[in-house]
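Below is one structure; the comments refer to it alone.
Every read-out reported here was derived from the displayed coordinates using simple, explicitly stated rules and does not represent laboratory data. Values in this document were obtained by computation on a predicted structure and should not be read as measured data. We place every Cβ from the backbone using ideal geometry, glycine too, and count neighbours over all the protein chains shown.
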Amino acid sequence: MLILRRHGSGRDDVDVRPRLGRVGQADAVSIVGAALADIVYTAQSFGGHGGLANTRDGVSDVRLLATLLASYDRWWPRAALDAEAPPRPSRTLPVLAFASTGLGPEWVKRVHESAEAYGGPSAVVHDLPGYGHLDVLVGRRAAQDVFEPARAWLTGAR
């Protein structure tokens, strides 16, 4: 049985078996990949427009995304969206944040506000146009847009 679950979307699971029929393995992988790409792009709990992952516009490769999802903790970031903000620290901390614009303007605003609340005016925030939540980890340009700025920030080459 091959079922793809739409976690947090309030919609029923997607059974891709009827689409598979008697196709070859390569075609089956393509069909399942397309179904996964649709699910992560349209996930309503992440805004429904690539907020979880933007595979439709090629921001992430669906195969790499599937590898990540095999071990992904589905509790996060929904818990952060639904929870009260933690109390502000008594002093600022070094902060580097990345805001996935695919989650919508309210999410980007929340990332900026949280970064400034904890890091003060020296907080560094990178907006990632077109990125969904998971694209930060597996996006085709994550090395340039996320990993390199994080490395530079951690090593003091800011």
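Just for region 42-65: of the residues that are touching a residue at least 40 places away in the same chain (Cβ under 8 Å) and not in a loop (DSSP other than H, G, I, E, B), which one is farthest from HIS133 (Cα to Cα)? Per the criteria, the residue is LEU64.
Yes or no, residue by residue, for (1) at positive phi; (2) free of Cβ contacts under 8 Å to residues at least 60 places away in the same chain; (3) aromatic (Phe, Trp, Tyr); (4) part of a helix (DSSP H, G or I):
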| residue | (1), (2), (3), (4) |
| --- | --- |
| PHE98 | no, yes, yes, no |
| GLU106 | no, yes, no, yes |
| ARG110 | no, yes, no, yes |
| SER114 | no, yes, no, yes |
| GLY119 | no, yes, no, yes |
| ASP127 | no, yes, no, no |
| TYR131 | no, no, yes, no |
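For region 136-158, the tally of residues that are outside any helix (DSSP H, G or I) and more than 17 Å from THR55 (Cα to Cα) stands at 4.
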